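Everything below concerns the one structure shown next.
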Amino acid sequence: MSDTEYQRLKDLPVRHILGTGTPMCAGCGGLATLHQVCDILGEKCVIVNAAGCMTLLSVYPSTPFRGSWLYTAMASAPAGAQGVRDALDILKKKGQLRPEEELEVVVLGGDGSANGMGLSATSGAMDRKLDFLYLCYDNEGYGNTGQQYSAATPHAARTATSKGSPGYPGYKKDLFSIWAAHRPSYVATVVAADPLDLARKIERARGLSGPRLILALSPCPTGWDYEPSATMEIGKLAVQTGIWPLKEYVDGRVTHTKIPRSRLPVREYLKTQGRFSHLFTPQENNEIIREIQDRIDRYWQDVE
Ligand SMILES: Cc1ncc(C[n+]2csc(CCOP(=O)(O)OP(=O)(O)O)c2C)c(N)n1
Ligand code: SF4
Ligand SMILES: [Mg+2]
C-alpha cells in the first residue's frame, strides 16, 4: 500500500474501513456492534480475537482495525490478553511505554468461545483481576462453521445440529450471571439496535479497569435465517419483547437500563426468524411458544 493510500485510510472514520472488501455477510449484527464499539474505543487498543466470524475481517498481513490485532484459538483469547497486558506493563515499568501510549486490551470473541471453549480461560483471567475488556458478539451459535448450536443457543431454535420440529432442546447459558458471580468490575448487555445505550456502556466500561464484559446480542441473517435488512428491527424486538434484557452489573448490583413496561409478546420476535419457523408452520406449537413466554414473564416479574 502506498503512503498516500495508507494516510487516506488512516484518516477515515473506523466505520468506513471495517467491512471494506471483507467476506462478512450483509446485515451482520456482530459487525454492526463492532463498528459502534471501535468508533468509541478508537485506535488505542489491542484486539485479541478468538477464532470466529470476525476473524475473517483480517487477512494476513492486513487488518481493518486501526489498533493492533492478534489471533488466538477459540479457547485462548483471555490467555492471549494476559500476555499482551503483561508485555505492556513490562514496557511501562521499563519506561519504554509512555502513559499517553497506554493501550486497552480487548478480547473479541463469539458466544461459542465465550460460553464454551474459552470459559475456563475467562474465569481464570477474572480470578487474576486481569485488566481487560471482553466484547462478546452473541449470534447464538457457531456462525463461522455453519451455525451449529452453542451454549448460547436459545431454546427451540433450529441450528445445523438441532434440526426437526422441537429445535434446540437446551436453554441459553446465562453468561451475564456467570460473569457477575466472579465479581468483576463491569458486565453489561447491549444490542447495536440501541446505539445510545451501547455507547454509554462502552464509555462506562472504558472508565474502569479490571475484567469487564460487553455482551452484545448480534442478530445473524445467515444463521437465524432472515433478510439482512431486518437486523436492527430484530434487535429492537429482542428488547421490546423482553427476551434480551438491557442491563449492567457494577459493585455487586444489577441495574436494568431499559425496562420494557408494555412488553410485546415474544412471538413477535420469534416469527421474524426462519430458525423458529417450525413453531408457526404447518401449525403453531403453542406449548413451546408459551414456555418461552413464561420464562420471559418470570424473569421480568422479579425485576418489575
Ligand atoms: C478447538 C476448535 N474447534 C473448532 C474450531 C472451528 N471453529 C472456528 S470458528 C468456530 C465457531 C466459533 O463460534 P463463535 O465463537 O460463536 O463465533 P462465530 O463463529 O459465531 O462468530 C469453530 C467451531 C476451532 N477453530 N477450534
Ligand atoms: S454468519 Fe452471522 S455473525 Fe457470521 S458474518 Fe455472517 S451474519 Fe455475521
Ligand atoms: Mg457465535
Using only C-alpha positions, report the orientation-averaged shadow area of the convex hull of region 94-241, nm², one decimal. 10.6 nm²
Among 248-254, 213-219, 191-197, 171-177, how do they line up from the highest to the lowest mean number of other beta-carbon atoms within 10 Å? 213-219, 191-197, 171-177, 248-254
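May I ask which of LYS93/LYS173; LYS94/LYS201; LYS172/LYS258; LYS163/LYS258; LYS92/LYS247 have a Cα-Cα span longer than 29 Å here?
Working: LYS93/LYS173 40 Å; LYS94/LYS201 33 Å; LYS172/LYS258 21 Å; LYS163/LYS258 34 Å; LYS92/LYS247 35 Å.
As for pairs spanning more than 29 Å Cα to Cα, those are LYS93/LYS173; LYS94/LYS201; LYS163/LYS258; LYS92/LYS247.
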Taking only C-alpha pairs under 8 Å that are 6+ residues apart, what is the relative contact order of the chain in percent? 16 percent
What percent does the relative contact order of region 148-304 come to when contacts are Cα pairs within less than 8 Å and at least six residues apart? 20 percent
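Just flag the GluC sites (Glu not before Pro) in region 52-150 sitting in loop per DSSP whose Cβ has no more than 13 other Cβ atoms within 10 Å. Could you put the intermediate results ahead of the total?
Details: sites: GLU100, GLU101, GLU102, GLU104, GLU140; in loops: GLU102, GLU140.
Listed in order of number, the matching sites are GLU102.
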Could you pull the Cα extents of region 195-240 along its three principal axes, largest to smallest, in whole Å? 39, 19, 15
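Quick check on packing: order 118-131, 72-85 by the mean number of other C-beta atoms within 10 Å, highest mean leading. Could the numbers behind the result be given before it?
Working: 118-131: 18.9, 72-85: 21.1.
Put in order of decreasing packing, that is 72-85, 118-131.
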With unit charges on the beta carbons (Lys and Arg positive, Asp and Glu negative) and the dipole taken about the Cα centre of the chain, which residue among GLY207, VAL37, PRO260 sits farthest to the positive side? GLY207
Please give the net charge around ALA230, taking every other residue with its beta carbon less than 14 angstrom from that of ALA230, where Lys and Arg add +1 and Asp and Glu add -1. -1
Using Cα atoms only, what is the angle between the long axis of helix 195-206 and the major principal axis of the chain, expressed in degrees (0 to 90) to the nearest 10? 40 degrees
Region 257-304 versus region 120-139: alpha-carbon centroid distance in Å: 30 Å
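For a distance above 34 Å, tell me the whole-number percent of Cα pairs in region 3-303 that qualify. Present the calculation step by step, with values, prior to reporting the outcome.
Numbers: 8857 of 45150 pairs.
Of all Cα-Cα pairs in region 3-303, 20 percent lie more than 34 Å apart.
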Region 151-167 and region 175-223: distance between their alpha carbon centers, rounded to Å: 25 Å
Using alpha carbons only, how many degrees (0 to 90, rounded to 10) separate the axis of helix 231-240 from the longest principal axis of the chain? 70 degrees
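Read the figures in this text as sums done on the coordinates, not as results from a lab. Since the model is a prediction, treat every value here as computed from it, not as a measurement. Using ideal geometry, Cβ is built from the backbone for each residue, glycine included, and neighbour counts are taken over all protein chains shown.
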